[in-house]
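The values are calculated or read from the model by the stated rules, or taken from the named source; none is laboratory data. Computed from a predicted structure; not experimentally measured. Please note: Cβ atoms are built from the backbone with ideal geometry, for glycine as well, and neighbour counts cover all protein chains shown. Surface areas here come from the heavy atoms of the whole protein model, side chains and all, with no ligands, DNA or RNA. Shrake-Rupley method; radii C 1.70, N 1.55, O 1.52, S 1.80 Å.
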Amino acid sequence: MLSTPDSSLAFVADGYHYISRTCDRLGTDGFRTRLMGRPITCIRGGEAARIFYEGDRFDREGAMPASTFHLLQDEGSVQTLEGAAHRQRKAGFLALLTGGGENRMGEIFEEELAAALARRRDGSIVLHDELGPILARTAFRWAGIPDPDREVFRARASELAAMVERAGSFGPVNWAARLRRHRTERWAAELIVAVRDGRIVPPVQSPLAAVARWIGDDGSPLPAAVAAVELVNLLRPIVAVVRFVEFALLALASRPEARARLAGGRPRDLTDFANEVRRRTPFFPVIAGRVRRPFTWSGHEFAHRDWVMLDIYGTNHDPRLWPEPERFWPERFETADPRHIVAQGAGRVAEDHRCPGESATNRLIEAGLRVFLRSPWQLVPGQDLRVTYSRMPAKVRSGLRVSFR
């Protein structure tokens, strides 16, 4: 496998395109380099995604920088587990996020978003700023968390958003976001303890009640701190969907014909549109893992504890998987398999590290589209709709300013 010099500066400058552009230049689907002085192998493509996610070849221990890990997962989370422990914890997430839980989440978001827009029909909004608190309210209601007072809610909503906004940052701004996550986890631990001792009685089937009942490998209840981490890891991804909804609306605004078709079309059309948003949207560009046991792929020997990074963005834009990958084309899913989208992982959701919240993400995007399809709106002219691909996670520079007619 070919090698390149230390890529730290190049990766930071062009995070979303770096691996694919380097692979194209070298004529390969993988290469060795260094990041922050550490040797790493970068891979891309559908076969690479299967190798990375299937067969228990990789774990996540030490794979992500601490600056990212402590904001997006933290100690004791399901992503840090392997084997039977991972499958048991994952089953708890699946029970909450599938089988109807995802539909309820979408219904709550549709209700919250419609009510919020009805209160703001007298001017314009910056969608990126408005959606975070709306999605946080959605998360709280869905999880069965008692209504906090206004200041507590504002703090929690801001903290959940910061976990995503600062996950790709370093230094003081990242440290501040990690401190804020610790506050959120303390609050979540207090909720768990209050449920367990009966001071809070959430609905029996609610996520809050379920997480408070979760047990560990030894058959004992999860430590309150670990249960709190997992409760936060249910809430944070809901707030993170702000970016998918933002890019969905941008795609809708630039395609009047799609707006008309979706308004009177099949429910399947909304799902296809949401899938294309997840495929094409620049969310997080890469995922890293450490080799659990040696194996060979594409003529390259992977040794125990090798650091490997999969190009998520490049795989979702690989023309071998996705013809005309830069084209926003929801109709491709009439024949294409949405399971090949690796925005939220690959492999089998129950056994591998594929995100259990994919269907919930689609329901949230679809709910947002339905609300805006019923609303008279337009993008405010003159705003900066470019995306900065050196920023992780990327977003529309203007935040997407929308006015109501």
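Some notes on this structure:
- Taking a span of 18 Å or more along the helix axis (Cα atoms) and a mean Kyte-Doolittle hydropathy of at least 0.0 as the rule, the DSSP H helices of the chain that qualify are 83-97, 127-143, 224-240, 358-373.
- Per residue, the stretch 12-139 exposes 40 Å² of solvent-accessible protein surface, assessed with a 1.4 angstrom probe and all protein chains in place.
- Normalised contact order of the chain, rounded percent, pairs of Cα under 8 Å and 6 or more residues apart: 27 percent
- Averaging Cα coordinates gives a centre for the stretch 178-197 and one for the stretch 10-66; these two points are 35 Å apart.
- Scattering profile of the stretch 263-405 at q = 0.09, 0.16, 0.17 Å⁻¹ [log10 I(q)/I(0), Debye over alpha-carbon scatterers]: -0.37, -1.04, -1.15
- Which of His86, Tyr16, Pro146, positive extreme of dipole for the stretch 13-159 (C-beta unit charges): Tyr16
- Computed E for Arg213/Ser158 - FRET, C-beta separation, R0 30 angstrom, nearest 0.05: 0.55
- Helix-only CD estimate at 222 nm, as mean residue ellipticity for the chain, using -39500 (n - 2.57) per DSSP H run (n ≥ 4): -15500 deg cm²/dmol
- Ellipsoid equivalent to the stretch 329-380 - semi-axes via the Cα gyration tensor, in Å: 28, 14, 9
- For the chain, DSSP calls about 80 percent of its internal beta bridges antiparallel.
- Gain on full stretching of the segment that runs from Arg348 to Val126 - 0.36 nm per residue minus C-alpha separation: 76.2 nm
- The shape of the stretch 278-324 can be summarised by an equivalent ellipsoid whose semi-axes, obtained from the alpha carbon gyration tensor, come to 26, 14, 6 Å from longest to shortest.
- With the convex hull drawn over the C-alpha atoms of the stretch 354-405, the volume per residue is 83 Å³.
- Multiplying the residue separation of Ala116 and Asp24 by 0.36 nm and subtracting their alpha-carbon distance yields 28.6 nm.
- Overall form of the stretch 154-234 per C-alpha gyration tensor (a/c, 1.5; a/b vs b/c): prolate
- R0 of 35 Å, Cβ-Cβ distance Arg266-Ala84: FRET efficiency to nearest 0.05: 0.30
- Alpha-carbon centroids, the stretch 223-296 and the stretch 331-346: separation in whole Å: 12 Å
- Surface composition of the stretch 37-151: carbon and sulfur make up 47 percent of the accessible area, probe 1.4 Å.
- Once the convex hull of all Cα atoms in the stretch 128-178 is built, its volume per residue stands at 83 Å³.
- Correct choice for Rg and Dmax of the Cα atoms in Å that was computed from the model, options (i) 19.9, 59; (ii) 25.4, 84; (iii) 20.9, 62: (iii)
- Alpha-carbon Rg with Dmax, taken over the stretch 197-355, Å: 20.2, 59
- Cα shape, the stretch 1-158, gyration tensor, a/c 1.5 rule: prolate
- Bins of 5 Å from zero: percent of alpha-carbon pairs in the stretch 96-147: 4, 20, 26, 23, 14, 8, 4, 1
- Summed residue charge, Cβ within 13 Å of Phe170's Cβ, Lys/Arg positive, Asp/Glu negative: +3
- Counted charge near Val241, where neighbours are those whose Cβ lies closer than 14 Å (Asp, Glu -1; Lys, Arg +1): -2
- Cα gyration tensor shape for the stretch 97-193, rounded if a/c is under 1.5, else prolate or oblate: oblate
- Spread of Cα-to-Cα distances over 10 Å intervals beginning at zero, given as percent, for the stretch 238-301: 17, 36, 18, 16, 12, 1
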